[in-house]
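The structure under discussion appears below in the form of structure tokens.
Taken together, the values in this text are just the output of simple stated rules run on the coordinates, not laboratory data. Just so we're clear, the structure is a prediction, and the values are computed from it rather than from any experiment. Don't worry about glycine lacking a Cβ; one is built from the backbone with ideal geometry, like all the others, and counts go over all protein chains shown.
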Amino acid sequence: MKIGFDAKRAFHNFRGLGNYSRTLIESLVKYYPEHHYSLYTPSFKDDYAISWQNRFKQLDVITPPKVFNKATSSIWRSFLLSKQIQADGVDLYHGLSHELPSGIKKSGIPSVVTIHDLIYLRFPEYFPWIDRQVYDRKFRYATESADIVIAICNQTKNDLIHYFGVPEEKIRIVYQSCHPNFYTRYDDEQCQKVLEKWNISDHYILYVGALEPRKNALTLVKAFSRIKDLIPHNLVLVGSPDKDYLKKIKKAIVDGGVTDRVIFPGFISNEEMPLIYQKADAFIYPAEFEGWGIPVVEALFSEVPVITSKTSCLPESSGEYSIHIDPHNVEELATNLETVLYDDDKRKLMIHQGRLHAENFHWKKTSKSLMDVYQKLL
């Protein structure tokens, strides 16, 4: 079987959607090497993208003809790609992030699209007007044109039915996995070297995710400040910042008297991030709403107790033994954080059951679910 992918984000995005694309493709190569995989993407020069491509020589990476430059490559990807994949003999095409090329249905090639979330409809205030119009046009076209729509959780499935009227029988849930580096346990010496590199000391609470309003790290900073005199821990915030929101976080840090106890390491690679997870005493993810919340899954595989929101898909991704809180209730988060840090029996139960829950998202299982969708469609 020759499978084509919209791989733009695999080569141009180095956080959520890009991680989804790369992990999905890698898992198929590992467990289903008998198939041929073609990745369609605008041209790229980033060293990380080139390095990733070089690790998987068996992948066929297709970029636009040289007549298309960076500014016009979107024309190739959106309007000319259907004819190219048809000429290339692709048996099935999968849009990995909300999009399918124009004319895909007329091409006769079976198609699948993954919809991660419809957050732009639930929280329009977080998205510029023009972005919402573009998303709406692309998402609706993709869900109408695709033979199968993949939702990465039940929340997204329900939103697809509610907002777009997608027939339930057209939707398949295929969970999102995390990078396999998180499946490995690392020894203390390996972890310590990474912690020293990023100036992280022992005993810390971890947050991983963009520092933007919807992810709601501000509530965590306030909760941490509230119990700062009861715990010896530092707070480590890993993620790219929204400038205005970062100002609010830094003001809360100063107001809370924890200036010397909050660390901003910046971007950390998937090679080092698992070691930082594994030495954390707790992982906190108080997002208002998520499509999936891959950092939660990474924490569960890393055997770290998780506190996250009771909203959207987060109870589904984190499991019943994680703690679920109102993402804006500072007192509730502070109380539960103190409990997780000092109640050993509860910690052990959360870690053990959380790791068992994470097995639902091992890439061996998620790739099988995906391959089942492909084979049934063909």
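Would you please name the trypsin sites (Lys or Arg not before Pro) within the stretch 25-109 that are DSSP coil residues with at most 12 other C-beta atoms within 10 Å of their C-beta?
Answer by residue number: Lys45, Lys57, Lys66, Lys70.
Given R₀ = 30 Å, FRET efficiency for Tyr48-Asp131 by Cβ-Cβ distance, to 0.05?
0.75
When we measure straight from the Cα of Lys222, which lysines land under 22 angstrom away, once same-chain ones fewer than 8 places off are left out?
List returned: Lys243, Lys247, Lys248, Lys250, Lys251, Lys310.
State the Cα centre-to-centre distance between the stretch 1-66 and the stretch 269-293 in whole Å.
24
Taking only DSSP H segments of four or more residues, each worth -39500 (n - 2.57), what value at 222 nm results for the chain once the sum is divided by all its residues, to the nearest 500 deg cm²/dmol?
Taking each H run of at least 4 residues, the total per residue is -12500 deg cm²/dmol.
Take every DSSP beta bridge whose two residues both sit in the chain, then give the antiparallel share in percent to the nearest 5.
0
Under unit Cβ charges (Lys, Arg +1; Asp, Glu -1), what dipole magnitude, rounded to 20 debye, does the stretch 180-360 have relative to its Cα centre?
Around 540 debye, computed over the stretch 180-360.
Once you have the Cα-Cα distance between Gln353 and Asn154, take 0.36 nm times their residue separation minus that, and quote the gain in nm to one decimal.
Between Gln353 and Asn154, full extension yields 69.5 nm more.
Fully extended, how many nm does the chain gain between Asp343 and Val29 (0.36 nm per residue separation, minus their Cα-Cα distance)?
Answer, rounded to one decimal: 108.8 nm.
What distance in nm lies between label points placed 7 Å from Cα along the C-beta direction at Asn69 and Glu168?
Simple spin-label model gives 5.2 nm for this pair.
If you take every DSSP beta bridge fully contained in the stretch 1-148, what fraction is antiparallel? Give it as a percent rounded to 5.
Around 0 percent antiparallel, to the nearest 5.
Trypsin sites (Lys or Arg not before Pro) within the stretch 147-176: which are DSSP loop residues with at most 16 other Cβ atoms inside 10 Å?
Nothing satisfies the criteria.
Apply the a/c threshold of 1.5 to the C-alpha gyration tensor of the stretch 180-360 and tell me whether it is rounded, prolate or oblate.
Because its axes are fairly even, with a/c under 1.5, the stretch 180-360 counts as rounded.
Go through Asn158, Ile50, Ser312 and say which Cα lies farthest out towards the positive end of the charge dipole of the chain; charges sit on Cβ, +1 for Lys and Arg, -1 for Asp and Glu.
Result: Ile50, furthest along the dipole toward the positive end.
Lys157: which lysines have alpha carbons under 17 Å from its alpha carbon, excluding same-chain residues fewer than 8 sequence positions away?
Filter leaves Lys170.
What do you get for trypsin sites (Lys or Arg not before Pro) in the stretch 192-248 restricted to DSSP loop and a cutoff of at most 11 other Cβ within 10 Å of the site's Cβ?
Of the trypsin sites (Lys or Arg not before Pro), not one in the loops of the stretch 192-248 has a Cβ with at most 11 other Cβ atoms within 10 Å.
Rounded to the nearest 0.05, what FRET efficiency do Asn360 and Asp326 give with R0 = 30 Å and r taken as the Cβ-Cβ distance? Could you check?
0.75
Modelled label-to-label distance, Lys193 and Ile263, 7 Å Cα→beta-carbon offset: nm?
Result: 1.7 nm between the two label points.
Most fluctuating residue of Ala299, Ala252, Ala282 in a GNM of the chain with Cα springs under 10 Å: which is it?
Ala252
Return the aspartates and glutamates within reach of Lys365: Cα separation strictly under 18 angstrom, same-chain partners fewer than 8 residues apart disregarded; answer none if there are no such residues.
Result set, ordered by chain and number: Glu26, Glu34, Glu298, Glu316.
Could you tell me which residue out of Tyr285, Leu211, Val254 lies farthest along the dipole of the chain toward its positive end? Charges go on the beta carbon: Lys and Arg +1, Asp and Glu -1, centred on the Cα centre.
The listed residue farthest towards the positive side: Leu211.
Tell me which cysteines of the chain come out unpaired when the rule is another cysteine's Cβ under 4.7 Å.
Cys178, Cys191
Ignoring the sites themselves, what is the longest stretch of the chain with no GluC sites (Glu not before Pro) in a DSSP loop and at most 13 other beta-carbon atoms within 10 Å?
Formally, the longest exposed-site-free interval is 35-270.
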